[in-house]
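Engineer: Let me give you the structure first, and then I'll get to my questions.
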Ligand code: NI
């Protein structure tokens, strides 16, 4: 699954977040939070939900996600990890790696999250930096992703991925993981595609006699495949 979420945040929200993130003093070495193998390829800085700016902007992102139809339909989320933020500049990069499949939810008393989907929200405009592409290896080969500020990308969490070196400017983004009600990536993708087709049919032929049948089938599959 590789789904772009355009305009997750408004230009005003992006400007506010950028001002707060640019002013935040204590960005820490990203390698401090990486696993044993990822530590060897991770060169960036980050702040997380324990930082008041990370918490405030993280809440802004979570609120935007909850009211975003594309995200809710594609991800079918059951749990979302608090967003973290990272910056790359001066050649910083994150070499090819795979994220941990199971993570602790901070301050939850030991509740864990199965990472089904990864998300990156872009806070820098593509013209502000060179390099810094998110490269994800999916079914169709390598996809290079560099989206406008305020846009986001949702991708399968077990994908091999990397961020290429930022050779000019600064790349600021948010990243986090999602546990989906639909554990299987193929089933989730099929449901999303079916949902999009039904939406399209409902928009162009709202009185089509087969619409209710399609919708019924969508919900039967959802009921069969959902794990909550
Ligand atoms: Ni990663």
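Engineer: Compute the angle between helix 52-66 and the longest alpha-carbon principal axis of the chain, please, reported from 0 to 90 degrees and rounded to the nearest 10.
Structural biologist: Between helix and principal axis, roughly 20 degrees.
Engineer: Follow-up. With angles folded into 0 to 90 degrees, how steeply does helix 185-204 sit against the dominant principal axis of the chain? Use alpha carbons for both and round to 10.
Structural biologist: Tilt of helix 185-204: around 60 degrees.
Engineer: Under the 0.36 nm per residue contour assumption, what length would be gained going from the current alpha-carbon distance of residue 26 and residue 125 to full extension?
Structural biologist: Gain on extension, residue 26 to residue 125, equals 33.3 nm.
Engineer: In terms of the Cα gyration tensor, with a ≥ b ≥ c the square roots of its eigenvalues, is segment 1-61 rounded because a/c is under 1.5, prolate because a/b exceeds b/c, or oblate? If you can, show how the numbers build up before the last one.
Structural biologist: On the way: a/c = 2.47, a/b = 1.35, b/c = 1.83.
Oblate shape, in that a/c is at least 1.5 and b/c is the bigger or equal ratio.
Engineer: What order, most packed first, do the peptides 153-163, 190-200, 37-47, 170-180 have when packing is the mean number of other Cβ atoms within 10 Å of each residue?
Structural biologist: On the way: 153-163: 20.2, 190-200: 14.7, 37-47: 17.6, 170-180: 22.8.
Packing order, densest peptide first, comes out as 170-180, 153-163, 37-47, 190-200.
Engineer: Now, a different point. Computed FRET efficiency, Cβ-Cβ of residue 205 and residue 67, R0 25 Å: what is it to the nearest 0.05?
Structural biologist: Once rounded, the FRET efficiency stands at 0.40.
Engineer: Cα axis of helix 11-23 to longest principal axis of the chain: angle in degrees, 0 to 90, nearest 10?
Structural biologist: 30 degrees
Engineer: Further question: Quickly rank 202-211, 27-36 as a protection proxy: mean count of other C-beta atoms within 10 Å, highest first.
Structural biologist: Result, highest mean first: 27-36, 202-211.
Engineer: Using mean Cβ contacts within 10 Å as the protection proxy, how do 114-126, 60-72 order, highest first?
Structural biologist: Per-residue mean Cβ counts within 10 Å order the peptides as 114-126, 60-72.
Engineer: Work out the FRET efficiency for residue 102 and residue 224 from their Cβ-Cβ distance, taking R0 = 30 Å, and round it to the nearest 0.05.
Structural biologist: 0.75
Engineer: If you take the square roots of the eigenvalues of the alpha-carbon gyration tensor of segment 2-180 and sort them as a ≥ b ≥ c, do you get rounded (a/c under 1.5), prolate (a/b over b/c) or oblate? Intermediate results must be reported in sequence, preceding the final value.
Structural biologist: Values: a/c = 1.14, a/b = 1.07, b/c = 1.06.
Since a/c stays below 1.5, the shape of segment 2-180 is classed as rounded.
Engineer: Just check segment 185-225 against the gyration tensor rule for me: Cα atoms, a ≥ b ≥ c as the square roots of the eigenvalues, rounded for a/c under 1.5, and otherwise prolate or oblate depending on whether a/b exceeds b/c.
Structural biologist: Numbers: a/c = 4.28, a/b = 1.70, b/c = 2.52.
Because a/c hits 1.5 or more and a/b fails to exceed b/c, segment 185-225 counts as oblate.
Engineer: Further question: Which whole-number percent of Cα pairs in segment 57-107 have a distance greater than 19 Å?
Structural biologist: Percent of Cα pairs beyond 19 Å in segment 57-107: 48.
FYI, it's all coordinate maths here, none of it is from the lab. All values reported here derive from a predicted model rather than from experimental measurement. Every residue, glycine as well, gets a Cβ built from its backbone with ideal geometry; the counts of neighbours run over all protein chains shown.
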